[in-house]
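K.L.:
Take this structure first; my questions come after.
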Amino acid sequence: MHYVYIGIGSNLKDKFTNIKLALWHLKTLGKIVKKSSLYKSSPVENRNQPYFLNCVVKLTTKLLPYKLLKKLKDIEKKLGRKKTKKKYQPRTIDLDILLYDKKIIKSKNLTIPHEKLHKRKFVLWPLAEIAPNFVHPVLNKKIKDLKKELKDKSQRIWRIKWV
């Protein structure tokens, strides 16, 4: 079994329902053993779009990284995510592999750990909530320390309740 941390985000349509549906689909890929609080966050790159809802889950799975990536892309498609050539566009759902065991993978289609994990409050806050002592395999720092070091004031984030 492998331990995987997956970032989940949505900023189109019924964001909360999109995330709940994504969680339901993720259960078909393994067992969700931890789930962070839900966070509301401002868009980071393309600011002219709706706010996001985000969370992170810890999943145990038998799937290897590339197979897991394919399954996540399939879930995104089922939940209405449209492929666009532009980056940072609004989306019904976004599922990202943040960490996979302690693996380091850098290829055209997959980078683990996620290359922007340490620069994004909407990833670090929920990840630090469920895995504060996990050591980033490239930066060799605990997630809770990466969270403390992130000083970007342009990123706004609020913890909200699951309904």
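K.L.:
If Lys and Arg each add +1 and Asp and Glu each add -1, what is the summed charge of the other residues whose beta carbon sits under 12 Å from the beta carbon of I160? Walk me through the intermediate numbers first.
P.N.:
Working: positive: K15, K40, R159, K161; negative: none.
Value of the local net charge: +4.
K.L.:
Using the Karplus curve 6.51 cos²θ - 1.76 cosθ + 1.60 with θ = phi - 60°, what ³J(HN,Hα) values do you get for each residue of segment 24-34, in whole Hz, with x for Gly and Pro?
P.N.:
Here the 3J(HN,Hα) series is 4, 5, 4, 5, 7, 9, x, 10, 7, 9, 8 Hz.
K.L.:
How long are the semi-axes of the ellipsoid equivalent to the chain, from square roots of 5 times the Cα gyration tensor eigenvalues, in whole Å, largest first?
P.N.:
For the chain, the semi-axes come out at 21, 20, 16 Å.
K.L.:
I've got another one for you. Give me V44, V57 sorted ascending by neighbouring Cβ count inside 10 Å, so fewest comes first.
P.N.:
Ranked by crowding around the Cβ, least crowded first: V44, V57.
K.L.:
Would you mind checking K31/K71; K73/K161; K121/K141 for any pair whose Cα atoms are more than 23 angstrom apart?
P.N.:
K73/K161
K.L.:
With an 8 Å Cα cut-off and a minimum separation of 6 or more residues, compute the relative contact order for segment 2-160 in percent.
P.N.:
30
K.L.:
Tell me the mean residue ellipticity at 222 nm calculated for the chain from its helices only (DSSP H runs of n ≥ 4, each -39500 (n - 2.57), averaged over every residue, nearest 500).
P.N.:
-8000 deg cm²/dmol
K.L.:
With θ set to phi - 60°, apply the Karplus curve 6.51 cos²θ - 1.76 cosθ + 1.60 along segment 50-56 and write out the HN-Hα couplings as whole Hz, x wherever there is a Gly or Pro.
P.N.:
Here the 3J(HN,Hα) series is x, 4, 9, 10, 9, 7, 10 Hz.
K.L.:
Still on this model: Can you compute 3J(HN,Hα) from phi for each residue in segment 138-155, using the Karplus curve 6.51 cos²θ - 1.76 cosθ + 1.60 with θ = phi - 60°, rounded to whole Hz and x for Gly and Pro?
P.N.:
Result, rounded to whole Hz: 9, 7, 6, 10, 5, 4, 4, 6, 4, 4, 4, 6, 6, 10, 5, 7, 6, 8.
K.L.:
Counting only GluC sites (Glu not before Pro) that are in a DSSP loop and have at most 16 other C-beta atoms within 10 Å, tell me the longest site-free stretch of the chain.
P.N.:
That gives 46-114 as the longest site-free run.
K.L.:
Pull up all non-local amide H partners of L98: gap of 5 or more, or a different chain, and H-to-H distance under 5 Å with H placed in the peptide plane.
P.N.:
Placed amide hydrogens put Y5, I6, G7 under 5 Å from L98.
K.L.:
Still on this structure: Charges on Cβ only, +1 for Lys and Arg, -1 for Asp and Glu, centred on the Cα centroid of the chain; of T92, L127, L150, which one is farthest towards the dipole's positive end?
P.N.:
The residue sitting farthest along the positive end of the dipole is T92.
K.L.:
Counting other beta carbons within 10 Å of each Cβ, put F134, F52 in order, fewest first.
P.N.:
So the ranking, lowest neighbour count to highest, is F134, F52.
K.L.:
Fewest Cβ neighbours within 10 Å first, please rank K119, K83 accordingly.
P.N.:
Least to most surrounded, the residues fall as K83, K119.
K.L.:
Could you pull out every residue, at least 5 positions away or on a different chain, whose amide H is within less than 5 Å of the one on I105? Hs are placed 1.01 Å off N in the peptide plane, and Pro or chain starts have none.
P.N.:
Those qualifying (amide H under 5 Å, at least 5 residues apart or on another chain) are I112.
K.L.:
Given H placed on each backbone N at 1.01 Å, which residues far from K142 in sequence or on other chains put an amide H within less than 5 Å of it?
P.N.:
For K142, the qualifying residues are H136.
Every read-out reported here was derived from the displayed coordinates using simple, explicitly stated rules and does not represent laboratory data. Please read all numbers here as calculations on a predicted model, not as lab measurements. Ideal geometry is used to build each Cβ from the backbone, glycine not excepted, and the neighbour counts take in all protein chains shown.
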